[in-house]
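Only one structure is covered here, and it is reproduced in the block below.
None of the figures in this text is laboratory data; all of them are computed from the coordinates on show. Because the structure is a prediction, the values reported are computed rather than measured. Cβ sites come from the backbone with ideal geometry, for glycine too, and all protein chains shown count toward neighbours.
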Amino acid sequence: MADFIRDNINKDGIDRRGFLQCMAWAGTGVLYTLHGGILKSLPLMQGAANSEHMAKMKGADFSFIQISDSHIGFSKEANPDVTATLQIAVDRINSATAPPDFLLHTGDISQLSKPSEFDTAEQVLKGAKAGKIFYVPGEHDVLTDDGQQYLDRFGKGTKGKGWYSFDHKGAHFIGLVNVVDLKAGGLGSLGSDQLKWLQDDVKQLKSSTPVIVFAHIPLWAVYPEWGWGTDDSEQALGYLKRFGSVSVLNGHIHQIMQKVEGNVTFHTALSTAFPQPAPGTAPSPGPMKVPADQLRSVLGISHVNFVQGQHSLAIVDSPLAQS
Amino acid sequence: MKRIRWIFVCAAAVITAFTLTVGIRPILALRPAENPAGGASVKIDNFSFGPADVKIPVGTTVTWTNRDDVPHVVASDDKLFKSKPLDTDDHFSFTFTKPGTYVYYCAIHPKMTAKVVVQ
């Protein structure tokens, strides 16, 4: 394979020649890198070659994978076998040359909060060579007994309805819950208890600490008409304003959306179960049917690479198959 | 003669018994949602409640049926009622015994709101 990175002038892992050579590859993965707040995207190949490219480009200090919206228990036209597509996602995770440090599941693990659905999800995800799996619930995971079952299974060591934080190789990760106590006519909701906890949680951190927040419903107003937003996310983001690098990883909308606002990068992931329509392009945000041979190309996972000293994360969204 | 009369009496008894059991049942079965005087129906589809505005007299039972391809939870704003998660074709019924305006929504998709006005 040709070495297509020649002049690493800005130490960002790519030069013009290399960029053009990268462009020649038909890829299914897209690498988004941010440098000084400006989004750049490059197509990449799948599988092992992708990881090699990643390693060359970034020399990542660590990587993790975001997986979302597995909806185990869903069985309609949009995808009659969501367990199979979750398994394909796990196979994709396991095909990387370097295993991720951990997985983040941004919720809607199950379709109806049924024990059998959670069992199946856990069973499939157990096969991922990825160390620990961190979860936050989606609204489908807290449908019965006020989300107690979710807490029993995935909430050890969490506070309130399942929020928590942890540090990993110098970065601070915060898992938030914005799918409980939803009010009529409202959007996602964090609630005052959680906001108070968040304010406290980040108080002692240096502003140079990279912060990664993950929650199910987007923490920005993607499309409020369809409930794609969080009523009190502004307050949460206010507590993170002083940090030099904040990344917000969400799910819920079953499609990739990105936004950069100052030091904050927002990113939503694909689902491993079924796609949903782009905002306003359908009468409602329900499961979107695509031809069976295209389904895997609209489902996927996100590889996230963290480099010490870089302004932000490099996120690679990988569909489960080429379209 | 006595015998014929006895046969008639028996026949009448059998016919009466038959009518009372089999005949009445179909009439009783009409009481729930199909009979507008006895109940109201709300269809859930495309992430909305239809009709969104229901006006009923006190004592009416409203039945929600989910025709959407995603589950929904029917929940009243004042915590008066809340259904279990309704998958496609599941129902939930609630009888309104007091007058008032009851705003309700889907607890999973809270942007879906509607109301029942009980007079």
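List, in order, the whole-Hz ³J(HN,Hα) value for each residue of segment A:86-95 obtained from phi through the Karplus relation with A = 6.51, B = -1.76, C = 1.60 and θ = phi - 60°; use x for Gly and Pro.
Running phi through 6.51 cos²θ - 1.76 cosθ + 1.60 with θ = phi - 60° gives 5, 5, 4, 4, 5, 4, 5, 4, 6, 8 Hz.
May I ask you to evaluate 6.51 cos²θ - 1.76 cosθ + 1.60, the Karplus curve with θ = phi - 60°, for each residue of segment A:179-188 and list the ³J(HN,Hα) values in order in whole Hz, giving x for glycine and proline?
Once θ is set to phi - 60°, the couplings for segment A:179-188 become 10, 10, 6, 6, 9, 3, x, x, 10, x Hz.
Would you kindly state how much longer the chain becomes between A:Q308 and A:A221 on full extension, computed as 0.36 nm times their sequence separation minus their alpha carbon distance, in nm to one decimal?
On the way: separation 87, 0.36 × 87 = 31.32 nm, distance 3.00 nm.
Stretched fully, the A:Q308-A:A221 segment lengthens by 28.3 nm.
Round to the nearest 0.05 the FRET efficiency obtained for A:Q199 and A:D293 when R0 = 51 Å and r is the Cβ-Cβ distance. Kindly include the intermediate steps, with their values, before the conclusion.
Values: r = 49 Å, r/R0 = 0.96.
The pair A:Q199/A:D293 has a calculated efficiency of 0.55.
Simple spin-label model, 7 Å along Cα-to-Cβ: B:W6 to B:D90 in nm?
Going from the B:W6 label point to the B:D90 one covers 6.1 nm.
Taking N as the number of residues in segment B:39-118, what is its Cα Rg relative to 2.2 N^0.38 Å?
Details: Rg = 11.3 Å, N = 80, 2.2 N^0.38 = 11.6 Å.
Normalised by 2.2 N^0.38 Å, the Cα Rg of segment B:39-118 equals 0.97.
If amide hydrogens are placed 1.01 Å from N in the peptide plane, which non-local residues have theirs closer than 5 Å to the one on B:A40?
Correct list: B:T61, B:V62, B:T63.
Rounded to the nearest 0.05, what FRET efficiency do A:K126 and B:K43 give with R0 = 30 Å and r taken as the Cβ-Cβ distance? Could you check?
After rounding to 0.05, the efficiency reads 0.15.
Please list, in chain and number order, the residues 5+ apart from A:S245 or on another chain whose amide H is under 5 Å from its amide H, with Hs placed from the backbone.
A:V211
Using θ = phi - 60° and the Karplus curve 6.51 cos²θ - 1.76 cosθ + 1.60, what whole-Hz ³J(HN,Hα) does each residue of segment A:109-121 get, with Gly and Pro shown as x?
Once rounded to whole Hz, the list reads 5, 10, 9, 10, 6, 7, x, 5, 5, 4, 4, 4, 4.
Using mean Cβ contacts within 10 Å as the protection proxy, how do A:244-255, A:97-108 order, highest first? Provide the component values of the computation, followed by the final result.
Details: A:244-255: 24.0, A:97-108: 21.1.
The densest-packed peptide leads the list: A:244-255, A:97-108.
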